Amino acid sequence: MAKTGKIERDLLEELFTQQTGFKNSKVLQGPQFGVDTALIRTGENTGLVTASDPTSLVPSLGMKDSAWLSVVLTANDIATSGFLPQYAQFVFNFSEDLRDEELNEYWHQIHLFCKGMKISITGGHTGFSNKGPTTISGAVTMFSEVKLSLAKSTVFIKPNQDLILTKTAALSSAAILAKSFPKHTSLHLGQEMQKDLADSLYQISVLPELQILRSDKELFSQISGMHDCTEGGVLGGIYELCEASETGVEIHRNKIPLGEAQNQLCQLFDIDPYRCIAAGSLLIACPKEITKNVVNLLQENGIRAGKIGETLSEKTNRKIITAKDEEKLIYKEDPYWKAFFNALENRLD
């Protein structure tokens with residue numbers, strides 16, 4: 001049970017998805033593997049979307065970057081519902097070693113990022129403890145009021161739909177590693193590439209994609225579901241999407257976008273770029289007849305996007321097509337965490 005990263009799926013389902021307290025008919029979507037948000041009915045065609053994530057406080061990144069991660073990752077989850085986040089509750093359990101000036105800067109940056117995204121902070125809880133070294137400072141839950149008829153979810157994805165991916169694989173993993181270990185990265189990849197990778201940390205929001213897609217209401221209404229590629233990377237995200245939608249999938253590995261800088265960074269830290277955290281890369285499932293229009297709309301507004309595969313009717317038929325052959329799509333442990341903590345232990349910076 002004691003492993004870094006997310007809890008294993010079997011344990012998740014055994015403990016949490018089967019034991020959810022009182023059964024309320026207003027809960028339209030509860031906890032489920034591969035689903036980013038819960039959905040609660042509040043009226044005939046109105047509901048509340050919610051999502052929770054751990055908050056980050058990574059000393060090697062600093063207070064501002066840690067605050068950014070603490071806000072944007074949960075905002076991304078809400079965005080996959082098709083709506084922008086509106087409200088947030090923060091619960092913190094800080095280390096007793098945290099200095100007052102660090103706390104002040106951390107919270108001020110959270111305030112600024114939430115303000116910029118038009119997220120109202122409505123409350124929470126703050127405490128301190130002697131919890132030892134960790135990059136987790138607590139947790140955040142975000143909410144958004146939605147129209148039920150317009151809400152998106154991975155459970156709504158159907159067979160024989162195209163899968164579109166935005167930006168690049170390994171986006172957030174590469175950015176955090178380059179920022180956390182700048183000297184090591186610069187030594188091997190050069191200062192310019194290190195800076196470009198570090199700067200890409202502020203490209204991991206999928207809110208721009210959502211706002212672009214929402215600008216064409218008719219087109220957006222036809223999109224079935226979206227999924228942010230976090231733990232497990234692009235391939236892990238696709239696997240989760242398939243589990244939630246009970247579909248198979250055919251993915252062409254050579255069509256998965258991978259930036260040269262991200263590829264070199266992953267080689268440097270010996271991690272699979274398709275299996276490591278890729279927050280900011282958005283998976284979009286849509287009918288084949290609108291794929292070209294979705295891709296064009298995103299690209300015309302400065303977001304790299306392309307079709308990488310399609311869902312299939314047979315849910316056990318999940319495959320990755322490579323240049324030489326094909327392999328079965330399975331869920332594998334994300335290599336990012338091991339690489340990060342090994343780099344810390346070996347004092348690469």
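Read the figures in this text as sums done on the coordinates, not as results from a lab. Note that the coordinates shown come from a computational prediction; the quantities given were computed from them, not determined experimentally. Don't worry about glycine lacking a Cβ; one is built from the backbone with ideal geometry, like all the others, and counts go over all protein chains shown.
Antiparallel beta bridges, as assigned by DSSP with both residues in the chain, represent about 75 percent of the total such bridges. Note on segment 222-349: percent of Cα-Cα distances in each 5 Å bin, starting at 0 and stopping at the bin with the largest distance, equals 2, 10, 18, 22, 20, 13, 8, 4, 2, 1, 0. By the beta-carbon count within 10 Å of each Cβ, the least crowded to most crowded order of THR291, THR20, THR168, fewest first, is THR20, THR291, THR168. For segment 9-150, the dipole from Cβ point charges (+1 on Lys and Arg, -1 on Asp and Glu) about the Cα centre works out to 520 debye, to the nearest 20.
Among residues other than SER224 with Cβ under 11 Å from its Cβ, the summed charge is +1 (Lys and Arg +1, Asp and Glu -1). Applying a threshold of 31 Å to the alpha-carbon distances of LYS26/LYS217; LYS26/LYS158; LYS147/LYS338; LYS152/LYS332; LYS179/LYS292; LYS23/LYS255 flags LYS147/LYS338; LYS179/LYS292; LYS23/LYS255 as lying beyond it.
Database remark: amide H of GLY225 closer than 5 angstrom to the amide H of ALA285 (H placed geometrically; neighbours at sequence offset of 5 or more, or on other chains; Pro and chain starts carry no H). Counting every alpha-carbon pair across segment 1-81, the share separated by more than 14 Å comes to 72%. As a proxy for reagent exposure, ILE223, ILE238 were ordered by neighbouring Cβ count within 10 angstrom, fewest first; the result is ILE223, ILE238. When only alpha carbons are used to place a centre, segment 223-265 and segment 1-54 end up 21 Å from one another.
How far is the Cα center of segment 129-173 from the Cα center of segment 82-96, in Å? Rounded to whole Å, the Cα centres lie 14 Å apart. Residue order for ILE164, ILE78, fewest other beta carbons within 10 angstrom first, comes to ILE164, ILE78.
Only DSSP H runs of four or more residues enter the estimate; each adds -39500 (n - 2.57), and after division by the residues of the chain the mean residue ellipticity at 222 nm equals -10000 deg cm²/dmol.
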